[in-house]
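Engineer: First, the structure itself, so that you have it in front of you.
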Amino acid sequence: MDKVFVSNDQDFAIALQELKKRVAANKHTANANLSESLLKRTLWAKHNDLKSSEALLVAYANWHLKTLGNASARLSIKDVHPFLLTGILQSLPGCEDVDSLPVVYMRPNKYYPNQIPWQHVVNALVYLLEVTTGEQEKAAKYGFTFVCDMQDWGWSNFGTTYAAQFFSILSGRFPVRIRKFVLVNPPSLFPMVWKLIKPMMGEELASKFCFATSTTVGEVVKVQGLPAEVGGLRVEDGAIRMKEWVVERCRVEGAPYNDILIQNFNWKEPLERKEE
């Protein structure tokens, strides 16, 4: 019973029960605190293939074990809020693609691996995906679109380890369905970059990549909620918007908000997480 194509609620319920049994019997996932919601998201992400779903959950549990020291631990806003305040990686409430699915936005052209270790961006990515797919069933079930501002992107924005870790999350360590991965205004050197990053990702993710300019991005994303820097109509500063988002996440999670001066933040300090 490795593959179940879900055609109705009853079939999905059968697949879910089988996945629960496999998770409980697998030494990597048995004590990883994998919720029913996560199992559902995984079945949706893996097109209801039980074997692939189990493998993804093992990778998910192992990533948390390696990163947080405990397979059952999860990232919280206090773990990632310094990086989110940079505005490099953004949640865009109200922004949708042309199929009315949510959008996650990134500015790779503002990220420099030699200044901020890759762990910060990857952890923030995982947290943002957890919030997006965990709290929006539409995103978990049908997917979302990833939009990147590539204007003036250069080699100083690239890092092999950073890219490999980033795409490994999207390709097999997190239950996520990406409808499109849109690169807006990519530089002329991107064909060389593509040769480097394509082997880092699964075939399915690679097939989702598409390109747009500031004038054509409206063909894939509704411009009303998209930042102006990539051709949208949203004009407020991304860093200010993310500060408001972080403050709200702190409120939701019951965590104190610490106003951090990003310019003086020491990104090189080891990432430590103390369980309470």
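Derivation of every value follows stated rules applied to the coordinates shown; laboratory data play no part. Computed from a predicted structure; not experimentally measured. In this analysis, Cβ positions are derived from the backbone assuming ideal geometry, glycine residues included, and neighbour counts consider all displayed protein chains.
Engineer: Over 30 Å between Cα atoms: which of LYS40/LYS222; LYS141/LYS198; LYS208/LYS268; LYS138/LYS208; LYS51/LYS243; LYS46/LYS110 fall into that group?
Structural biologist: LYS208/LYS268; LYS51/LYS243; LYS46/LYS110
Engineer: May I ask you to evaluate 6.51 cos²θ - 1.76 cosθ + 1.60, the Karplus curve with θ = phi - 60°, for each residue of the stretch 26-41 and list the ³J(HN,Hα) values in order in whole Hz, giving x for glycine and proline?
Structural biologist: Result, rounded to whole Hz: 8, 5, 7, 10, 4, 10, 9, 6, 8, 6, 4, 4, 5, 5, 5, 4.
Engineer: Which of PHE209, PHE265, PHE146 has the fewest other C-beta atoms within 10 Å, and how do the rest follow up to the most?
Structural biologist: PHE265, PHE209, PHE146
Engineer: Using Stokes-Einstein with the Kirkwood hydrodynamic radius over Cα pairs, what translational diffusion coefficient do you get for the chain at 25 °C and a viscosity of 0.890 mPa s, in µm²/s rounded to a whole number?
Structural biologist: 126
Engineer: How many angstrom lie between the Cα centre of the stretch 194-270 and the Cα centre of the stretch 50-128?
Structural biologist: Rounded to whole Å, the Cα centres lie 11 Å apart.
Engineer: First check a/c for the stretch 66-159, with a ≥ b ≥ c the square roots of the eigenvalues of its C-alpha gyration tensor; if it is under 1.5, answer rounded, and if not, answer prolate when a/b is larger than b/c or oblate otherwise.
Structural biologist: oblate
Engineer: Can you find, among THR216, ILE88, ILE197, the residue sitting farthest towards the positive end of the charge dipole of the stretch 77-253, where Lys and Arg contribute +1 and Asp and Glu -1 at Cβ?
Structural biologist: Value computed over the given set: ILE197.
Engineer: Let me ask you something else. When a/c is below 1.5 the answer is rounded, else prolate if a/b is larger than b/c, else oblate, so apply that to the stretch 1-111 with a ≥ b ≥ c taken from the square roots of the Cα gyration tensor eigenvalues.
Structural biologist: Oblate.
Engineer: From a point 7 Å beyond the Cα of GLN263 in the direction of its Cβ, which residues of the stretch 108-140 have a backbone N at a distance under 16 Å?
Structural biologist: Those under the cut-off are none; the list is empty.
Engineer: Next question. Identify which of PRO256, PRO227, PRO117 has the largest mean-square fluctuation in a Gaussian network model of the chain, with springs joining Cα atoms closer than 10 Å.
Structural biologist: PRO256
Engineer: Same structure, new question: Taking neighbour counts of Cβ atoms within 10 Å as a proxy for exposure, in what order, fewest first, do THR86, THR132 appear?
Structural biologist: THR132, THR86
Engineer: Can you tell me how the stretch 9-68 classifies by the Cα gyration tensor, rounded, prolate or oblate, using a/c under 1.5 as the rounded cut?
Structural biologist: Verdict is prolate for the stretch 9-68.
Engineer: Something else: Sorted from fewest to most neighbouring beta carbons within 10 Å, what does the list PHE211, PHE144 look like?
Structural biologist: With the sparsest Cβ surroundings first, the list reads PHE211, PHE144.
Engineer: Rank-order 186-192, 40-46 by packing density, defined as the average count of other C-beta atoms within 10 Å over each peptide's residues, highest first.
Structural biologist: Order by mean packing, descending: 40-46, 186-192.
Engineer: Right, something else. Kindly provide the pair-distance distribution of the stretch 153-203 built from C-alpha pairs, with 10 Å bins from 0 and whole-percent values in order of increasing distance.
Structural biologist: 21, 55, 23, 1
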